[in-house]
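Enquirer: Sharing a structure with you now.
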Amino acid sequence: MLIPGVCALVAVLVPSVLIHFSIIDAYTAQILTLSGINAIMALSVNIICGVTGQLSLGQAGFMAIGAYSTIMLTSSAHLPLAVSIVLAGVITAFFGFLIGFPTLKLEGDYLAIVTLGFGEIIRVVLVNLKKWTGGPNGKQFPTILTLNPAVAYLVIIGTLALLIILVQNFVRSTYGRAVLAVREDEIAANSTGIGVFKYKMIGFVIASFVAGIGGALYAPFIGFVKPEQASFTKSIDYLIFVVFGGMGSTTGSVLAAFVLTYLQEFLRFLQNYRLLIYPVILILVMIFRPQGFLGMKEFSFVRAFDWITVKISGRNGASRGKKHTATEEHNV
């Protein structure tokens with residue numbers, strides 16, 4: 001845990017300091033921070049699709065619930081922003097439980113259709129609750145995080161790192177292994193005494209909580225939320241991150257979110273044509289690399305450190321061996 005913890009601190013603190021001293025400009029900092037929010041959403045989709053093995057097309061709806069909950073808790077209830085973000089995640093997890101209870105008995109396409117309908121219901125409800133949500137025009141939020149790019153990066157990327165650690169620990173736990181068993185074979189898992197519905201629900205609720213946190217961070221960072229945030233196209237965008245990186249790979253999903261978010265900004269000169277990039281990328285991935293770039297593999301700082309250590313020690317041993325041989329030849 002020491003090596004990943006140190007790497008996470010470096011990834012969070014060093015760019016934040018560089019942003020504070022304007023070594024990284026505000027525009028680049030905004031892209032990196034938005035990539036962090038997209039990575040949190042990709043992490044949410046990966047939990048439900050990659051880890052639990054269910055196809056959900058409504059994660060953007062959970063994100064919208066988290067975003068609007070944060071606005072109402074902060075503006076109306078006057079709660080501190082940190083408390084509002086955590087409570088927004090809890091509220092979203094509760095909605096995930098309500099939706100998951102009747103729908104997780106479905107499988108495959110049926111579950112995808114139901115979650116798709118849920119996202120559209122959320123969008124329509126947000127449009128019509130004008131008093132609370134501002135209707136189709138959306139609702140503003142005091143741009144607390146936007147005022148300071150360094151703080152925004154520190155909070156959002158720090159939250160991403162914390163969520164990754166918690167999710168990885170969950171996957172390696174007894175509950176996580178039970179969820180993986182359900183993903184691999186529901187019949188075999190049920191025959192060994194694993195409650196299939198129970199562990200599907202656990203994965204679904206955790207994914208909803210993470211999506212709620214993503215929305216809760218999106219609202220103060222952007223400063224404005226519209227009901228379109230719950231649209232079907234947004235859910236597809238987050239699903240593309242996971243498919244591109246590798247369904248089941250946390251590392252792949254997070255890296256894909258950063259790469260594709262930056263790619264869209266880099267190709268902004270193409271105007272609306274840049275929106276064609278995601279479908280083209282998805283088609284190419286499905287043809288040439290259907291398992292995604294990393295598949296189900298995870299990057300391990302510990303294994304990388306061990307590999308570097310072995311390489312260095314091997315080179316030192318080889319050099320010492322050459323010196324010893326040269327000394328023997330000289331003596332002869």
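The values are calculated or read from the model by the stated rules, or taken from the named source; none is laboratory data. All of these numbers come straight from a predicted model, not from anything done at the bench. Here the Cβ positions follow ideal geometry from the backbone for every residue, glycine too, while neighbour counts run over all protein chains shown.
Enquirer: Can you list residue pairs whose Cβ atoms sit under 8 Å apart, with the first residue in segment 67-86 being under 16 Å from Phe221 (Cβ atoms) and the second being surrounded by 12 or more Cβ atoms within 10 Å (Cβ to Cβ) and basic (Lys, Arg)? Count only pairs 6 or more apart in sequence or on different chains.
Expert: Partner pairs satisfying both residue conditions: Tyr68/Lys139; Ile71/Lys139.
Enquirer: For segment 224-256, which positions are in a loop (DSSP other than H, G, I, E, B) and either more than 17 Å from Leu126 (Cα to Cα) or among the basic types (Lys, Arg) (or both)?
Expert: Across segment 224-256, the qualifying residues are Lys226, Gly246, Met247, Gly248, Ser249.
Enquirer: Is it the case that Ser16 is part of a helix (DSSP H, G or I), buried (at least 24 other Cβ atoms within 10 Å of the Cβ) and either among the β-branched types (Val, Ile, Thr) or in the same structural domain as Leu180 (by TED's automatic domain parsing) (or both)?
Expert: Against the criterion (part of a helix (DSSP H, G or I), buried (at least 24 other Cβ atoms within 10 Å of the Cβ) and either among the β-branched types (Val, Ile, Thr) or in the same structural domain as Leu180 (by TED's automatic domain parsing) (or both)), Ser16 does not qualify.
Enquirer: Considering each of Ile144, Ile121, Ile164, Ile156 in turn, give the residue that is under 19 Å from Thr74 (Cα atoms) and at pLDDT 90 or above.
Expert: Ile156
Rundown of residues vs (1) surrounded by 22 or more Cβ atoms within 10 Å (Cβ to Cβ); (2) under 20 Å from the mean Cα position of the chain (by Cα), yes/no style:
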| residue | (1), (2) |
| --- | --- |
| Phe170 | no, yes |
| Leu180 | no, yes |
| Ala189 | no, no |
| Ala211 | yes, yes |
| Pro220 | yes, yes |
| Gly223 | no, no |
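Enquirer: Quick one: which residue in Ala88, Ala77, Ala93 is of a type in the set (A, V, I, L, M, F, W, C) and under 18 Å from Ile156 (Cα atoms)? Working first, answer last.
Expert: Values: Ala77 fails: under 18 Å from Ile156 (Cα atoms); Ala93 fails: under 18 Å from Ile156 (Cα atoms).
Result: Ala88 is the single residue among Ala88, Ala77, Ala93 that is of a type in the set (A, V, I, L, M, F, W, C) and under 18 Å from Ile156 (Cα atoms).
Enquirer: So which residues in segment 264-294 are in a helix (DSSP H, G or I), closer than 19 Å to Ala29 by Cα and in contact with a helix residue (DSSP H, G or I) (Cβ under 7 Å, 6 or more places away or on another chain), if there are any at all?
Expert: Gln264, Glu265, Arg268
Enquirer: If you don't mind, another one. Given the options Ser300, Ser253, name the one that is at pLDDT below 80 and closer than 22 Å to Ile165 by Cβ.
Expert: Going through Ser300, Ser253 in turn, the sole match is Ser300.
Enquirer: Of the residues Gly61, Gly135, Gly89, which is more than 22 Å from the chain's Cα centre (by Cα) and surrounded by 14 or more Cβ atoms within 10 Å (Cβ to Cβ)?
Expert: Gly135
Enquirer: Another one. Assuming Val45 fulfils every condition listed in (1) of a type in the set (A, V, I, L, M, F, W, C); (2) closer than 23 Å to Tyr175 by Cβ; (3) free of Cβ contacts under 8 Å to residues at least 40 places away in the same chain apart from one, which condition is it?
Expert: For Val45, the exception is condition (3).
Enquirer: Without any contact (Cβ under 8 Å) to a residue 12 or more places away in the chain and hydroxyl-bearing (Ser, Thr, Tyr): which single residue out of Tyr273, Tyr262 fits that description? So that I can check it myself, show each step before the final result.
Expert: Details: Tyr262 fails: without any contact (Cβ under 8 Å) to a residue 12 or more places away in the chain.
Within the list Tyr273, Tyr262, the selection yields Tyr273.
Enquirer: Might you check whether a residue that is more than 16 Å from Ile213 (Cβ to Cβ) and touching a strand residue (DSSP E or B) at 6+ places or on another chain (Cβ under 6 Å) occurs anywhere in segment 157-170?
Expert: The answer is no, given that none of the residues of segment 157-170 is more than 16 Å from Ile213 (Cβ to Cβ) and touching a strand residue (DSSP E or B) at 6+ places or on another chain (Cβ under 6 Å).
Enquirer: With respect to Lys131, determine if the residue is free of Cβ contacts under 8 Å to residues at least 60 places away in the same chain, more than 12 Å from Glu228 (Cβ to Cβ) and not acidic (Asp, Glu).
Expert: Yes, satisfied.
Enquirer: Asn38 - would you say it is closer than 20 Å to Phe232 by Cα and in contact with a Leu (Cβ under 9 Å, 6 or more places away or on another chain)?
Expert: Yes.
Enquirer: Show me the helices (runs of 4 or more DSSP H) found entirely inside segment 100-188 where at least 1 residues are closer than 23 Å to Thr28 by Cα.
Expert: Once the helices (runs of 4 or more DSSP H) in segment 100-188 are filtered for at least 1 residues that are closer than 23 Å to Thr28 by Cα, what remains is 149-172.
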